[in-house]
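Here is the structure we will look at.
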Amino acid sequence: MIEARGLTKQYGDKVAVDGLSFTVRPGVVTGFLGPNGAGKSTTMRMILGLDRPSAGSVTVNGRHYAELSAPLHEVGALLEARAVHTSRSAYNHLRALAATHGISRRRVDEVIDLVGLTDVARKRAGGFSLGMGQRLGIATALLGDPPTVVLDEPVNGLDPEGIRWVRDLLKGLAAEGRTVFVSSHLMSEMALTAEHVIVVGRGRLIADTSVEEIIREASVNAVLVRSPDAAQLRAALAGPDVTVSSTEADVLQVTGLSAAQIGDTARGLDIALHELTPQRASLEEAFMTMTRDDVEYHGHLAGEAADTDAPALEGQGA
Amino acid sequence: MSTLAATTSRRPQQRVTSLRAAKSEWIKLVSLRSSWITFAASVVAVIGLGVLISYFTNSHWSEMRPEERLRFDPVDRSLAGINLAQLAIGVLGVLVVTGEYSTGMIRSSLMSVPRRLPVLAGKAVVFAGSTFVLMLGSAFVAFLLGQQVLGTHGTTLDAPHALRAVIGVPLYLTVVALFAVGIGFIVRNTAGGIATLFGLLLVAPGLGQLLPTSWQPHVLPYLPSNAGAGVYSVRTDPGMLSTWSGFAVLCAWAVAALLVGAFLLRRRDA
């Protein structure tokens, strides 16, 4: 369980995290989403006691990280920026960290095996690919067999197989009743992994909700219907809250009715249906809509830039 | 996954202790090749240079000017390698800390020991301890070989202050090691840390000579390398502090650096 209350971090004039409050519960994978520069990494660093909050607080299992007497047994972490000495082997890296808690060499071998680094464990970590580095980071996080794991962009640099492996690993950890908190700037990845998401933009909380809920809110609730008798069906579906549009002769776009209702209506009239698909906005679209105003670094189109710049130039008048 | 699930309940939960933090620092120190190379360099410096200088002193004895012969001390000759060894020890002391900052390892270290101070203490104890043991042996070897090579101009450990000077080599280098670790935690950057350390150890005494003459006695004896020189020398420069007051001043520099480093380590974001 991770609890943030009014968590704030300021660097000079810049507010990186602005009054964040949220709770990460055990048993599900909780995604931490936001565009680049939204304050995800800073928040995670505060959870892990690396950065001191300017205001507010964050606790893990009811205690501040710095107060934990056996932190590796409480929280396992993978940070986005690498946290490994490049000249040391993966094995010695893990052994040094294990030593702080009296964790056995057997456990070190176990996690190396678990993440599939056995063949390269004695090689310099500096020579690792991004994906191998991520695996070593995950091994570090799991070293103390912690009930809570905090992972910053764990799938970064992994190949498709690695991504799937991480996804399954995270779901497995959550299924064991652990608290799993994973950041990402990819909504699509979170949609496959997380059940719950906390969305931030410019350091502020935008949403704290289930993935299902986001999809439901984002979707336009349209149903795509394909039928050889489209015209007949269209007439039958008409109603006060129902709109039906059509782009092709045998295709209908229906809003205001569920797929079930449409299907039942069609069956009642003995109309054949060739397709009946609820249209959902992709999570990516939902995410873009949600964070549109909070993106730190926009890519501007030439036209947009000209529009916004023009009044500013006039205003300067010097 | 089954590996994890199966081991969840039976894993003993062990807490972080200062001893464990120190053990971790020991593993970190010996698992880097640069540690071995630099320690080896310091051993070679103390023994090799001591023997080499002793050899040339003996072979060129007839060319020595009278005032040179007057300043000659066989103990000091055989221990002259300390000047080079302090470079190796100083660089490694800074690197032990700043290497973690430049690679990001420090985040892993502080996440596993979030009280932070045991990390500093562990590094200081492990590195200073290794330095002392290694340099103690090297100093004795350098002395004994050096006296052999000096032949008739050599002396023995029974000579006045000889034993103290030999033991002074590891003492001085150990305090330099601590000073370097402290500076590493303050500066957190390899180039800056090394520049700061050797600015104080090697450059400051030279710059101090440029001070007004009346100021010099109030500054020069208190610079770390000047203050510490007495402990590994039989002949001390006039105008410098006595052996043990000087050593105390050197220790004060190291303690100050470690205290400031500890304060900043607790306070700053990692």
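The values are calculated or read from the model by the stated rules, or taken from the named source; none is laboratory data. Treat the numbers as computed from the prediction; the structure is a model and nothing was measured. Methodologically, a virtual Cβ is constructed for each residue, glycine included, from the backbone with ideal geometry; neighbour enumeration extends over all protein chains shown. Note: accessible area is taken over every heavy atom of the protein model, side chains too, but ligands, DNA and RNA are not part of it. Shrake-Rupley method; radii C 1.70, N 1.55, O 1.52, S 1.80 Å.
When chain B is treated as a Gaussian network with alpha carbon springs shorter than 10 Å, the biggest mean-square fluctuation among B:Phe198, B:Phe39, B:Phe56 belongs to B:Phe56. Residues of segment A:154-198 with the amide nitrogen closer than 12 Å to a label point 7 Å from the Cα of A:Ser129, along Cα-to-Cβ, please. The answer is A:157-163. Restricting the calculation to Cα atoms, segment B:126-270 yields a radius of gyration followed by a Dmax of 17.1, 60 Å. With an 8 Å Cα cut-off and a minimum separation of 6 or more residues, compute the relative contact order for chain A in percent. Worked out over chain A, it gives 21 percent.
The convex hull of the Cα atoms of segment A:10-122, projected and averaged over all directions, covers 9.1 nm². For chain A, the per residue solvent-accessible surface stands at 46 Å², with DNA, RNA and ligands left out and a 1.4 Å probe.
Using Cβ point charges alone (K and R +1, D and E -1), the dipole size of chain B about the Cα centre works out to roughly 1500 debye. Global size of segment A:161-291: 19.4, 55 Å for Rg and Dmax (C-alpha atoms, Rg to one decimal, Dmax whole). Here the dipole of segment B:115-270 is about 660 debye; that uses its Cα centre as origin and unit charges on the Cβ of Lys and Arg (positive) and Asp and Glu (negative). P(r) tail for chain A: Cα pairs beyond 26 Å make up 58% of the total.
Here the sum of -39500 (n - 2.57) over DSSP H runs of 4 or more residues, divided by the residues of chain A, equals -11000 deg cm²/dmol at 222 nm, to the nearest 500.
When peptides A:22-29, B:166-173 are ranked by their average number of other Cβ atoms within 10 Å per residue, the highest-first order is B:166-173, A:22-29.
Adding -39500 (n - 2.57) for every DSSP H run of four residues or longer, then dividing by how many residues chain B holds, sets the calculated 222 nm ellipticity at -22500 deg cm²/dmol. To the nearest whole number, what is the average tally of beta carbon atoms from other chains within 10 Å of the beta carbons of peptide A:151-163? Mean shielding count: 0.
Once the partner protein chains are put back, segment B:101-125 shows a loss of at least 20 square angstrom of accessible area, versus the chain by itself, at B:Thr103, B:Met105, B:Arg107, B:Ser108, B:Met111, B:Ser112, B:Pro114, B:Arg116 (probe 1.4 Å, ligands and nucleic acids excluded). Taken residue by residue and averaged, Cβ atoms of other chains lying within 10 Å of the Cβ of A:74-80 number 2. Can you give me the % of accessible surface on chain A that is carbon or sulfur? Probe 1.4 Å, all protein chains present, nothing else counted. Roughly 50 percent, rounded to a whole number. In terms of the mean number of neighbouring beta-carbon atoms within 10 Å, the peptides B:62-68, A:12-18, A:267-273 order highest first as A:12-18, A:267-273, B:62-68.
Here the peptides A:1-11, B:103-113 are ranked by packing, the mean other Cβ count within 10 Å, and the order with the highest first is B:103-113, A:1-11. Projecting the Cα atoms of B:Asn226, B:Gly99, B:Ile53 onto the charge dipole of segment B:18-267 (Cβ charges, centred on the Cα centre) puts B:Gly99 farthest toward the positive pole. Nearest 10 degrees is fine. How inclined is helix B:117-150 to the longest principal axis of chain B, computing both from alpha carbons? Around 30 degrees separate the two axes. Here's the picture: charge each Lys and Arg Cβ at +1 and each Asp and Glu Cβ at -1 in segment B:18-267, and of B:Val176, B:Pro212, B:Leu264 the one pushed furthest to the positive end of that dipole is B:Leu264. Taking amide H positions as modeled 1.01 Å from N, with prolines and chain starts lacking one, the residues under 5 Å from A:Arg204 and 5 or more places away or on another chain are A:Asp18. For segment B:153-232, the calculated P(r) over all alpha carbon pairs, in 5 Å bins from 0 to the bin holding the longest distance, is 3, 14, 18, 17, 16, 15, 10, 5, 2, 0 percent.
Of the accessible area of segment B:18-267, computed with a 1.4 Å probe over protein heavy atoms only, carbon and sulfur atoms account for 68 percent.
What segment B:18-267 shows is 44 Å² of accessible area per residue, with the surface traced by a 1.4 Å probe over protein heavy atoms. The mean number of Cβ atoms from other chains found within 10 Å of a Cβ in peptide A:108-121 is 1, as a whole number. The long axis of helix B:50-59 is offset from the longest Cα principal axis of chain B by roughly 10 degrees. Taking Cα atoms only, the orientation of helix B:162-187 departs from the longest principal axis of chain B by about 40 degrees. Rounded to 0.05, the FRET efficiency of the B:Leu163 and B:Arg268 pair, given R0 = 51 Å and the Cβ-Cβ distance, is 0.70.
For the residues A:Lys123, A:Lys40, A:Lys171, a GNM of chain A with alpha-carbon springs under 10 Å puts the largest fluctuation on A:Lys123.
Restricting the calculation to Cα atoms, the protein assembly as shown shows an Rg/Rh of 1.17 when the hydrodynamic-style radius is the Kirkwood one. Annotation for the A:B interface, with buried accessible surface near 3700 Å², both sides summed [1.4 Å probe; non-protein components not counted]. Distant-in-sequence amide contacts of A:Gly76, defined by a placed amide H-H separation under 5 Å and a gap of 5 or more residues or a different chain, comprise A:Thr148, A:Val149, A:Val150.
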